[in-house]
Each structure stands twice: as C-alpha cells, then as structure tokens.
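Okay, so here's the structure we're looking at.
The values are calculated or read from the model by the stated rules, or taken from the named source; none is laboratory data. The structure presented is a predicted model; accordingly, all values stated were derived computationally and were not measured. Reconstructed Cβ throughout: ideal geometry from the backbone, glycine too, with neighbour counts over all protein chains shown. Accessible surface is based on the protein model in full, side chains and every heavy atom, while ligands, DNA and RNA are left aside. Shrake-Rupley method; radii C 1.70, N 1.55, O 1.52, S 1.80 Å.
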Amino acid sequence: MRGKEDKPRSSPLVPDLVIAEIARHDWESIVCGCGRSAGHLVDQLWDAAEGHPSAYRALEGHAFQAGQLRPPAPAVCGVLMAVWSAGPPRLATREALLWTLLALASTEDDGSPYEAGLYGQCAAYIRTNVGSLRLEAVTRPDTVSAAYVDGILELLGLAA
C-alpha cells in the first residue's frame with residue numbers, strides 16, 4: 001500500500017482514462033468483500049489495467065463471491081469498463097476481463113426497480129460500452145471472448 005507521501009503510480013501501459021477512473025473512487029472508504037478496506041484493490045486494478053490476466057480473476061472474493069456482489073463491485077466494474085473502452089486488450093487479458101464482467105453480471109440482483117443496488121450500478125457501467133462488446137462478439141465469432149460477451153448481453157437483457 002502506498003502512503004500519501006509516495007509518488008502516484010504511473011505506467012505507460014495504463015491509459016489516462018483508466019487512471020482517472022481508478023482515482024475517481026474513494027477506495028479506502030469502501031468495505032471490501034474480504035472485510036478490509038478496498039484500498040488494497042488499487043494495486044490489483046493497476047495490474048489488471050497493465051494486462052495481467054490473473055489480476056482480473058483475483059477480484060473474486062473482493063468484488064464478488066459465491067454469486068453475490070460486494071461493495072467494491074461498481075467501482076471495480078467502472079475500472080474494467082475503462083480498460084475495455086481504452087481498447088480491448090490482448091487475447092488472454094481480454095478473456096480474463098470479459099470473464100470478470102460475466103461474473104459480475106451473473107450475480108444475484110440486489111436492487112429494486114426503484115433503486116440501483118450494486119448490480120444495477122455494475123449493469124450501468126457495462127451498458128456504457130455495449131456497442132464495442134457486441135462488436136467483439138461479431139468480429140470474433142466462435143471464440144471464448146464472443147461466448148463471454150453473449151453471456152453478458154443475455155444476462156443484462158441486451159441479447160439481439
């Protein structure tokens with residue numbers, strides 16, 4: 001964990017859009033699914049944004065667990081969609097990112113028709129770039145990525 005006096009993290013692999021999305025959230029005030037402050041997820045999200053597939057899968061138990069979303073899920077989803085929006089990453093990273101979005105989308109909905117719970121917030125982030133998700137499925141049919149996208153769209157009621 002970095003102290004406030006440390007130089008902010010930077011990487012030529014992480015687009016400004018993703019850096020801004022990470023910085024936008026008060027991670028320390030969010031209770032993580034593991035019971036600690038979600039501040040420890042920042043380094044993990046940087047690793048994910050740099051293209052490390054294992055960093056995406058490691059979000060299980062923190063942003064989601066056993067079919068339930070945890071409080072950091074919407075902020076994490078926002079970062080994941082910023083990574084996607086910056087340009088779909090290389091294949092292994094792309095599949096890990098889409099797997100994580102599918103895991104978030106396949107959790108139990110905790111909201112009501114009148115309020116966006118954790119699920120509604122995650123769905124809203126995913127919907128911000130549904131066009132490029134669809135493009136992924138169309139341009140890479142019969143791939144793992146396309147299957148993940150199809151699952152995400154189906155779960156969100158956006159399947160064509």
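Of note:
- Prolate/oblate/rounded label for segment 34-122 (Cα gyration tensor, a/c 1.5): prolate
- Over all orientations, the chain has a Cα convex hull whose mean projected area works out to 9.3 square nanometres.
- Accessible area of the chain belonging to carbon and sulfur atoms, whole % at 1.4 Å probe: 54 percent
- In terms of packing, defined here as the mean over residues of other Cβ atoms within 10 angstrom, the peptides 20-31, 89-100 line up highest first as 89-100, 20-31.
- Pairwise FRET efficiency - residue 106 versus residue 134, Cβ, R0 = 22 Å, nearest 0.05: 0.75
- Accessible area per residue in Å² at 1.4 Å probe, computed on segment 2-101: 46 Å²
- MRE, 222 nm, helices only [DSSP H, n ≥ 4, -39500 (n - 2.57), over the chain, to nearest 500]: -15500 deg cm²/dmol
- Calculated FRET value between residue 154 and residue 92, using beta carbons and R₀ = 25 Å, to 0.05: 0.60
- Kyte-Doolittle mean at least 1.6, axial Cα span of 15 Å or more - DSSP H helices of the chain: 73-85
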